[in-house]
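Derivation of every value follows stated rules applied to the coordinates shown; laboratory data play no part. Keep in mind that this is a model prediction, so the values were computed, not measured. A quick note on method: Cβ atoms are made from the backbone with ideal geometry, for glycine too, and the neighbour counts reach across all protein chains shown.
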Amino acid sequence: MRSLVSLLGIALTSSAAFAQLPVETHPQQLELLAGTDPQLVANKKLVFDFWREVLQAHHVDRAADYLDEGYIQHNPTVSTGRAAFIDFFGRLPRNEVKPTIDDLVSIVAERDLVVLAFRRELPDLEHEGQTYTTTWFDMLRIANGKIIEHWDYGTKE
């Protein structure tokens with residue numbers, strides 16, 4: 001019993017030695033689009049291209065290629081509907097479309113859902129001037145070749 005208490009005490013006092021590993025982005029993003037189910041592959045490709053072209057590069061003129069008119073948004077800072085999406089993101093400056101998605105860790109597709117995982121670097125409030133990495137997620141629902149719903153980590157500031 002004394003050994004167990006000693007071991008527990010060591011584990012609790014040495015937690016810094018067991019710090020998290022940094023989140024790493026996927027080095028070959030196009031590999032993430034592969035799969036055996038053609039519908040899931042198409043869904044991942046739709047979301048991948050939407051993210052690169054519309055969300056990341058702000059080419060909102062392409063939004064109708066990807067978003068259903070009745071698009072449902074679950075982020076509290078962006079209104080629902082394709083027109084509202086275009087209005088919100090259309091205010092941002094356009095960027096060049098990149099062949100990859102910034103900070104992408106993984107893409108997973110199941111049924112009509114596609115989930116993207118991203119590396120996020122944040123300030124470490126316990127260690128001034130330092131940062132840490134964590135993983136953030138977005139989930140999109142697909143129907144009839146269009147994105148119809150989106151959930152994310154959006155919060156009011």
Considering amide H positions built from the backbone, and no H for Pro or chain starts, which residues 5 or more places from Gly81, or on another chain, come under 5 Å of its amide H? Tyr71, Ile72, Gln73
For the chain, what is the calculated [θ] at 222 nm in deg cm²/dmol (nearest 500), taking -39500 (n - 2.57) for each run of four or more DSSP H residues and dividing by its residue count? -6500 deg cm²/dmol
Alpha carbon convex hull of the chain, volume per residue in cubic angstrom: 184
For Gln28, put the label point 7 Å out on the Cα→Cβ axis and report which residues of region 41-79 keep their amide N under 19 Å from it. 41, 45
Relative contact order %, the chain, counting alpha carbon pairs below 8 Å whose residues are six or more apart: 26
Within a Gaussian network of the chain (alpha carbon springs, distance under 10 Å), most fluctuating of Thr133, Thr36, Thr80: Thr36
If you take the beta carbon distance between Ala84 and Thr135 as r and set R0 to 30 Å, what does 1/(1 + (r/R0)^6) give as a FRET efficiency, to the nearest 0.05? 0.60
Candidate aspartates and glutamates - alpha carbon under 17 Å from Lys44, same-chain residues fewer than 8 apart omitted: Glu31, Glu53, Asp65, Asp68, Asp102, Asp103, Glu110, Asp112, Asp138, Glu149, Asp152
